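Working notes, beginning with the structure itself.
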Amino acid sequence: MATLEGCRCRSASARNNSSSILYSILKSDSLVTAEEPQQHQQQHSQHQTLQHLLLKGSSSSSSSSSSSSSSSSSGPGSLQELRQQACSCGSTRRRGVLRSPQVTCKAASAVLVKTLRFVKNVPCFRELPEDDQLMLIRSGWAPLLVLGLAQDRVDFETTETVEPSMLQRILTGVPDRQSEILAGQRVAVGVSVVDIEAIKAFLKKCWSVDISTKEYAYLKGAVLFNPDLEGLRCLHYIQALRREAHQALNEHVRLIHRDDSMRFAKLLIALSMLRAISPLVVAQLFFRPVIGAVNIEEVLMEMFYGK
């Protein structure tokens with residue numbers, strides 16, 4: 001019904017059986033791992049990506065007022081923004097920033113390069129219409145990145161910064177958030193400590209379960225193929241891909257971890273924790289301290305399609 005009659009991926013699904021689809025997901029992750037020995041090329045690519053982000057950030061700083069006004073005109077995109085709009089008449093609101101932003105951003109950029117390479121290497125993804133590809137990348141880049149941070153065991157430290165309450169702003173003469181937005185200034189340094197703790201809790205969950213390379217590959221497939229997005233042309237095919245990723249993960253767990261009957265449930269809990277993490281939070285925490293108010297989705301499109 002939602003799949004177009006002439007959808008290319010529909011005919012592709014008829015050609016391939018479920019094992020080949022799942023193998024393509026696993027093979028994609030293996031290709032990324034196999035490329036690790038090519039250190040010079042990979043480091044050069046990561047350095048170019050980071051340099052590209054930094055250049056865009058520095059160029060955007062000269063026009064921060066226009067970018068801030070355009071970002072403020074966009075609607076709220078996450079639970080994070082709703083939290084920021086919560087009652088400010090109480091005590092100070094706790095926010096956090098990276099303790100070593102340059103180091104952490106470089107590590108996150110390296111994971112982002114590997115993540116996009118993984119997506120490119122999935123044949124099932126390349127068979128989708130470009131519109132569907134764009135939607136899946138926009139919805140999946142942040143959870144895939146955080147999943148990659150867990151797989152590469154990238155940890156980070158934050159330091160707490162305090163945002164004044166409304167009463168403190170009045171007493172000290174500090175302009176409130178609305179006036180800051182109207183003045184076109186940058187607002188809300190860092191992200192909510194609650195959101196930082198959610199990311200750290202997910203990382204600790206993955207590390208405590210000791211997820212294997214194959215399990216990470218199937219988890220990435222389940223995250224990438226998100227059928228809950230509105231407007232997908234190949235909805236049924238994407239639904240089948242996620243379902244098969246879950247089935248393959250379950251079969252793998254039952255085969256390898258026969259003594260751990262709760263392992264599959266633990267992995268599903270980790271997935272639910274991952275989906276609760278906002279892309280806005282990920283972008284603001286791991287990239288905004290270095291690149292500024294650059295639209296991360298534009299950077300993603302340039303990196304993935306060369307646009």
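The values are calculated or read from the model by the stated rules, or taken from the named source; none is laboratory data. Nothing here was measured: the structure is a model prediction, and the numbers come from that model. Please note: Cβ atoms are built from the backbone with ideal geometry, for glycine as well, and neighbour counts cover all protein chains shown. Heads up: the accessible areas ignore ligands, DNA and RNA and are worked out on the full protein's heavy atoms, side chains in. Shrake-Rupley method; radii C 1.70, N 1.55, O 1.52, S 1.80 Å.
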> Just for the range 115-143: of the residues that are farther than 24 Å from GLY292 by Cβ and among the charged types (D, E, K, R), which one is least open to solvent (accessible area, probe 1.4 Å)?
Replying inline: ASP132
> LEU232: closer than 25 Å to LEU134 by Cβ and in a helix (DSSP H, G or I), yes or no?
Replying inline: no
> Looking at GLY190, is it surrounded by 15 or more Cβ atoms within 10 Å (Cβ to Cβ), of a type in the set (Gly, Ala, Ser) and in contact with a strand residue (DSSP E or B) (Cβ under 6 Å, 6 or more places away or on another chain)?
Replying inline: yes
> Taking the condition open to solvent by 20 Å² or more (accessible area, probe 1.4 Å), hydroxyl-bearing (Ser, Thr, Tyr) and not in a loop (DSSP other than H, G, I, E, B), does TYR237 pass?
Replying inline: no
> Just to be sure, is ARG153 modelled with pLDDT of 90 or more and assigned to a helix (DSSP H, G or I)?
Replying inline: no
> Hey, does the range 99-114 have a residue that's touching a Ser or Thr at 6+ places or on another chain (Cβ under 6 Å), loosely packed, with under 14 Cβ neighbours inside 10 Å, modelled with pLDDT of 85 or more and farther than 18 Å from PRO279 by Cβ?
Replying inline: yes
> Which residues, taken from the range 191-205, are within 16 Å of the chain's Cα centre (by Cα) and among the small types (Gly, Ala, Ser)?
Replying inline: ALA198, ALA201
> Being modelled with pLDDT under 95, under 30 Å from PRO129 (Cα atoms) and either among the β-branched types (Val, Ile, Thr) or assigned to a helix (DSSP H, G or I) (or both), is that true of even one residue in the range 194-214?
Replying inline: yes
> If you go through the range 206-217 one residue at a time, do you hit one that is crowded, with 17+ Cβ neighbours inside 10 Å, more than 21 Å from the chain's Cα centre (by Cα) and over 30 Å from ARG99 (Cβ atoms)?
Replying inline: no
>> Are there helices (runs of 4 or more DSSP H) fully within the range 250-306 with at least 3 residues that are open to solvent by 40 Å² or more (accessible area, probe 1.4 Å) and modelled with pLDDT under 90? List them.
In response: 296-305
